[in-house]
1. Could you tell me the relative contact order of segment 283-387? Use alpha-carbon pairs under 8 Å, at least six residues apart, and round to a whole percent.
2. So what is the calculated 222 nm ellipticity per residue for the chain, using -39500 (n - 2.57) for each DSSP H run with n of 4 or more, over all residues, to the nearest 500 deg cm²/dmol?
3. Where the convex hull is taken over the Cα atoms of segment 165-276, what is its projected area averaged over directions, in nm²?
4. Using the Kirkwood radius over Cα pairs, work out the Stokes-Einstein diffusion coefficient for segment 211-285 at 20 °C and 1.002 mPa s, in µm²/s as a whole number.
5. For segment 270-316 and segment 199-244, what is the centre-to-centre distance using only Cα atoms, to the nearest Å?
6. How far, in degrees from 0 to 90, does helix 39-52 lean away from the longest principal axis of the Cα atoms of the chain, to the nearest 10?
7. Take the Cα gyration tensor of segment 225-361, multiply each eigenvalue by 5, square-root it, and list the three semi-axes largest first, rounded to whole angstrom.
8. Kirkwood Rh, Cα Rg: Rg to Rh for the chain?
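A short reminder: the numbers here are calculations on the coordinates, not readings from a lab. Predicted model only: the values in this text are computed from it and were never measured. Heads up, the Cβs are rebuilt from the backbone with ideal geometry, glycines too, and the neighbour counts pull from every protein chain shown.
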Amino acid sequence: MASEESVPEQFPRKVLVLYVDRDDDLGFKAGVQTPVVGREDNLKAAILFALKDPEDSDVNALFAAIQIYDELKRSNIDCELATITGSRRGGLEADLKVREQLERVLKVFNADGVILVSDGVVDEQVLPIIQSRVPVISVRRIVVQQSRGIEETYVMLIRYMHKVIEDPRLRKLFLGIPGVFLMVLSVLAVCNLIQYAGLALGIILSFVFIVKGFSLDERFSEFYERMSRWWSEAPILFFSSVVSIITFLAGLYIGSSSVVELIMKEKRLSSYALGHFLLAPQPTSPIHAIDIILTAIILFLIGRVLDSWLSERGVQWRDLVGIVFFAMSRQTLIELALIIMNKGSLMLLIYWTSATIAICASMIVLFAIRERVHKKGEKSQRIRTSS
């Protein structure tokens, strides 16, 4: 049974009959590459899909799209048929894929209007994406009629249970979450804490609501993919970044702990707080918090230098200057911390500050001159080659 919405009075000259499968059942189950444009290719895809999973409602929707296309052709309307899909993961990834495939279809057939065909509300979630590119003149929702007999209902329940087990998204919702709750319930029963079952259920449900409400699972998946791509493209930079982040956090923790201890002792925020942070755990210690923090920054810059050198992109002189700058800043910051704590020397602070600025400025000038000479050499070489 098909329901139709919002048919305009003036019919566009070029109409695209568009079937949208947002969760990519067509690609996942039948292995069909999308977008699929043209009646013949869509008919082949529909038959292949029906042979793979004849019970899927997407099959009926795809055949309905072909039927609508044939009706328009018999009415001598310039039209085309296309199928686009999203992603099994849903969310932003599915919407971006739908938009990208729609752009490819519109390059082949520049439609004035679209008849959207879907098998449910999930696929119609892409309606704003389609309307942002071309007017939607009609929406056809294909609802499969089912027999209401007891035996048929039983068979349908079995089929839907099978779909819950097979579909990754439904499996997490209907099997994963209840499974976690049952496991927690069993642990509480063993520990004679069954009275906390309601509290455990509330914690689990609130966690699920927060994760799904803020799309934390999708963000984590995107972050994991980005990290995997970064690891495959630049393993040295990835490794040095991870080590530097851990080292940096360790330095922050040591320095913050010293400041918190000082505040707890004096019951107020002391003017010595910055000095205690930089020189933590103790001013007489061989290694301070600032040493760990600067080491983290230098490790990151060394990773960038090695990555640029091994990938033959050319080492950036800014990274080399940065390594020298942060290495020499160590003594400057220590003298600053000692002065804050009334234990340092202003002359030593001026000396180390001046030395750091002078050496880094000299390096910048030398690298700038070298870069300018290199560019002039390339320019003269091009002139000689052209002449």
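1. Details: 58 pairs, mean separation 22.5, N = 105.
Reported relative contact order: 21 percent.
2. Result for the chain, helices only: -22500 deg cm²/dmol.
3. About 13.1 nm², averaged over all directions.
4. So the translational diffusion coefficient is about 139 µm²/s.
5. When both Cα centres are located, 26 Å separates them.
6. Tilt of helix 39-52: around 90 degrees.
7. On the way: eigenvalues 213, 87, 14 Å².
Three semi-axes, in Å: 33, 21, 8.
8. 1.17
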